[in-house]
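To start, the structure under review is shown below, and the notes come after it.
No value in this document is a laboratory result; all are computed from the given coordinates. Fair warning: this is a prediction, and the values are worked out from it, not measured in the lab. Here Cβ is always computed from backbone atoms with ideal geometry, including for glycine, and neighbour counts include all displayed protein chains.
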Amino acid sequence: MSRRLLAGLTAGVLALSLVACGNVEDKPTTPAAGSSSAQPGAFPVTITHKFGSTTVAKAPERVVVVGTYTDDLDAALALGVTPVGFFSEGQTQPDGVATWLKGKLDPAKTKIVNTGAGLDPEQVGKLNPDLILATAAFGLDKVYENLNKIAPTIGYEKEWGGQSWQQHVQVAGKALGKASDADKLIADTTAQITKVKTDNAKAAGKTFTVSVGNTPGKIFTLASKDDFAVKFVEELGMRLSPSALTATKETAGSPTGSLSPEQYDKLGADLVVIAYTGPDLRKAVEDNQLVKDLPAIKQGNYLVIDMEAITQLRAPTLLGIPSSLEKLNSAMQKLA
C-alpha cells in the first residue's frame, strides 16, 4: 500500500526532524471535549477491525490517539472531541503539531508524545484513556494486545495504510457516537474537492507526475493508480502521466518507481510536482538538462512542496485535505 512505502521513504527525514515532546507525566489532563453530545442511541457500538471486535459501551471521555499519521486525530478534533493524548512517530514539526492542525490542536490540552523510539504502552496508560483510536498506527500488531488491556482499542480494518480518509472518519465517528456528524464532514470535504475540479475544468484530462527527491542520484515517482496521492489528483480531473508508468514498469505493483538522472525526462507531464528533502537535492534535479528542457518547467507548471505536504498528499486526512487542495488549485489554475 502507498502508506507502507511512504513510511520507508520518509523515515530518514522524520528521524532528523523529530523532537521528543516529553514523557507522559502522572497528572490530570483535560477530559475529551464534546463527548456529551454523542448522538442518541449511538452506544453501545461494536467495530470490527484487523485485531478483532471492539465494543465501546458509552461515550468516551478520555480518548487517546495512536497513529503514524493524523487520521484519527483530525477526525476527533473535527467531531468536537479533544483527545487527551496523541502518540506518533510521524510528526514533522518540532512541537508535534502538523501545519494544518495549527490553531486546532492545543498541546496544553492534548499531550503530544513522539514515539520515534517505539511506543511504550505504559506511557499511554498514564493518561487513563477509556478509548484508544489507532486506525493509522504502523506497527500496531506489536502493541495492540497491551493497548487493548488499557482501554478498548480500535485498529486498522485489514492492513495498515489500506483505509481511505473517508473510512478513517467513519470509524472515528462510530466510535465517538457521532456517525451522522462524520458523514456530514465527509460530504463537506468531498464538496471542496468537487469545487476545485469544477473551478479548473480546463485542467481536465491534463497529465501530472508526483515525485519525491530524497536520495542523491535518483527520484522516486508515483507509478501506481492505487496510490492515494494519484487517486486524489485524479479525483480533480487530471490523469497520471503514461511516461511515468512506462519508465517504472520494472517496479510494477509498487506505488513508486525509481528514476535515474538519465531518465528525468520521464518526469514530463502537464504538471510536475516534486517534494524535496533539502536544497542540495533540489538543485541537483533542477540543474539536470533533461529537467530544464521539460515543457512544464519552462511554462512554470512546476509545483515544489515539502515533505510534510507530500506526506499529506499521499496519506490524506480530513483536516489536511484543504491545504493540499489549496496547493493543487493554484497549480491547476495555470494549466490552459
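See the values below:
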| quantity | calculated |
| --- | --- |
| Acute angle (nearest 10 degrees) that the helix 2-17 long axis makes with the longest principal axis of the chain, alpha-carbon atoms | 90 degrees |
| Charge dipole (the chain, unit charges on Cβ, about Cα centre) - positive-most of Gln123, Leu303, Gln163 | Leu303 |
| Placed amide H near Leu131: partners under 5 Å, 5+ positions off or other chain | Arg62, Val64 |
| Magnitude of the charge dipole, the chain, Cβ model with Lys/Arg +1 and Asp/Glu -1, debye to 20 | 520 debye |
| Simple spin-label estimate for Lys283 and Ala108 in nanometres, 7 Å along Cα-Cβ | 4.3 nm |
| Crossing angle, helix 321-332 versus the chain [Cα axis fit, 0-90 degrees, rounded to tens] | 10 degrees |
| DSSP-defined beta bridges in the chain - what % are antiparallel, rounded to 5 | 30 percent |
| Set of segment 318-336 residues, backbone N closer than 11 Å to the point 7 Å along the Cα-Cβ line of Gln299 | 334-336 |
| Kirkwood hydrodynamic radius (C-alpha pairs) into Stokes-Einstein, segment 72-136, 37 °C and 0.692 mPa s, D in µm²/s | 267 µm²/s |
| Computed lengthening from Glu235 to Asn146, 0.36 nm per intervening residue step minus Cα-Cα distance | 28.1 nm |
| Pairwise label distance in nanometres, Thr215 with Lys58, each label 7 Å out on the Cα-Cβ vector | 5.3 nm |
| Rounded tilt (10° steps) of 165-175 against the dominant C-alpha axis of the chain | 0 degrees |
| From the C-alpha gyration tensor of segment 200-332, square roots of 5λ in Å | 21, 16, 16 |
| Violating pairs (Cα-Cα greater than 24 angstrom) within the set Lys102/Lys327; Lys231/Lys292; Lys102/Lys149; Lys195/Lys218; Lys111/Lys149; Lys218/Lys334 | Lys231/Lys292; Lys102/Lys149; Lys195/Lys218; Lys218/Lys334 |
| Most mobile of Pro44, Pro279, Pro295 in a GNM of the chain (Cα contacts under 10 Å) | Pro279 |
| Ranked packing of 75-84, 120-129, most packed first, by mean Cβ within 10 Å | 75-84, 120-129 |
| Structure-based [θ]222 nm, the chain - -39500 (n - 2.57) summed over DSSP H runs of at least 4, per residue, nearest 500 | -10000 deg cm²/dmol |
| Gain in span if fully extended, Gln93 to Lys158, counting 0.36 nm per residue against the direct Cα distance | 20.5 nm |
| Residue-span extension gain [Ser180 to Lys195] - 0.36 nm each, minus C-alpha spacing | 3.1 nm |
| Relative intensity, log₁₀ I(q)/I(0), of the chain from a Debye sum that treats every alpha carbon as a point, q = 0.14 Å⁻¹ | -1.08 |
| Charge dipole magnitude, Cβ of K and R +1, D and E -1 - segment 72-207, Cα centre, debye nearest 20 | 480 debye |
